[in-house]
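The next block holds one structure in the form of structure tokens; read it before the comments.
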Amino acid sequence: MNLDQIAGIAHQPTGKVKGAVMLTHGAGGSRESPLLTKICDEWARRGWLAVRYNLPYRQRRPKGPPSGSAAKDQAGVVEAIALAHTLTDGPVIAGGHSYGGRMTSMVIAEGTAAVDVLTLFSYPLHPPGKPERARTDHLPHITVPTVFTHGTADPFGTIDELRLAAALIPAPTEIVEVTGARHDLGSKTLDVPVLAVDAALQSLA
């Protein structure tokens with residue numbers, strides 16, 4: 001299993017692999033995100049091979065936001081999903097946090113990669129305080145079950161805005177609300193990885 005080409009880190013399950021999950025990071029983050037690490041741990045605990053990987057802009061430089069790299073970053077997502085299909089005969093699930101989830105959703109909308117379920121964490125519906133700049137144009141082209149895990153205090157979009165956005169997708173959608181959480185999905189009362197994985201597995205079924 002050569003994950004070097006996508007700068008990926010694998011979380012291996014014990015026993016037979018049920019499927020593969022490919023997750024990537026937000027605009028200011030990397031594969032070392034504590035959220036991604038916990039989610040991948042949870043997937044591995046359920047018998048899935050889970051990989052957290054760096055987008056191409058993060059492979060080029062260790063810090064800083066993406067800069068005009070959307071097309072290259074989407075190509076990186078395509079590469080990661082293609083690799084996932086070589087790692088398992090089972091289902092493939094992909095997504096990511098914020099920017100990483102958005103890039104993955106755009107790839108799935110364009111049909112340049114195939115997954116069984118899309119799992120999006122803190123999807124950035126719009127820049128904070130700028131709801132008129134919606135990032136939803138591609139959503140009607142997504143044709144696979146999609147899970148949104150979202151904090152009720154996320155400045156990148158309210159739960160009501162997210163419901164309207166999810167309704168644009170002509171496939172089953174699920175919203176996992178994380179009460180009181182902001183964009184980082186931190187919660188002292190809810191086990192976010194467990195809730196998100198549960199929802200994705202239900203969507204797969």
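Could you tell me whether ASN2 is over 17 Å from ALA114 (Cα atoms) and at pLDDT below 95? Criteria met by ASN2. The conditions of being surrounded by 15 or more Cβ atoms within 10 Å (Cβ to Cβ) and polar (S, T, N, Q) are not met by THR179.
Every test in (1) within 15 Å of the chain's Cα centre (by Cα); (2) open to solvent by less than 20 Å² (accessible area, probe 1.4 Å); (3) closer than 29 Å to HIS126 by Cα is passed by ARG58 save one, and that test is (1). Does any residue of the stretch 163-174 turn out to be touching a Lys or Arg at 6+ places or on another chain (Cβ under 8 Å) and either surrounded by 13 or more Cβ atoms within 10 Å (Cβ to Cβ) or not in a helix (DSSP H, G or I) (or both)? Among the residues of the stretch 163-174, not one is touching a Lys or Arg at 6+ places or on another chain (Cβ under 8 Å) and either surrounded by 13 or more Cβ atoms within 10 Å (Cβ to Cβ) or not in a helix (DSSP H, G or I) (or both), which makes the answer no.
The condition of being in contact with a helix residue (DSSP H, G or I) (Cβ under 9 Å, 6 or more places away or on another chain), open to solvent by 10 Å² or more (accessible area, probe 1.4 Å) and either at pLDDT 95 or above or of a type in the set (A, V, I, L, M) (or both) holds for only one of HIS85, HIS138, HIS150, that being HIS138.
A search for C-beta distances below 7 Å between a residue of the stretch 74-88 that is free of Cβ contacts under 8 Å to residues at least 60 places away in the same chain and any residue that is surrounded by fewer than 16 Cβ atoms within 10 Å (Cβ to Cβ), counting only pairs 6+ apart in sequence or on different chains, returns VAL78/THR112.
Can you pull out every residue in the stretch 1-55 that is of a type in the set (Lys, Arg) and either within 19 Å of GLN74 (Cβ to Cβ) or crowded, with 21+ Cβ neighbours inside 10 Å (or both)? Listed by number, the residues that qualify are ARG31, ARG52. Among residues of the stretch 169-185 that are touching a residue at least 40 places away in the same chain (Cβ under 8 Å), those with a Cβ under 7 angstrom from a residue that is assigned to a loop (DSSP other than H, G, I, E, B), sequence gap 6+ or separate chain, pair up as HIS183/SER98; HIS183/SER122; HIS183/ASP154; HIS183/PRO155; HIS183/PHE156; LEU185/SER122.
The values are calculated or read from the model by the stated rules, or taken from the named source; none is laboratory data. Predicted, not measured: the structure shown is a model, and the values here were computed from it. Note that each Cβ is placed from the backbone with ideal geometry, even for glycine, and that neighbours are counted across all protein chains shown. All accessible areas refer to the heavy atoms of the entire protein, side chains included, with ligands and DNA or RNA removed. Shrake-Rupley method; radii C 1.70, N 1.55, O 1.52, S 1.80 Å.
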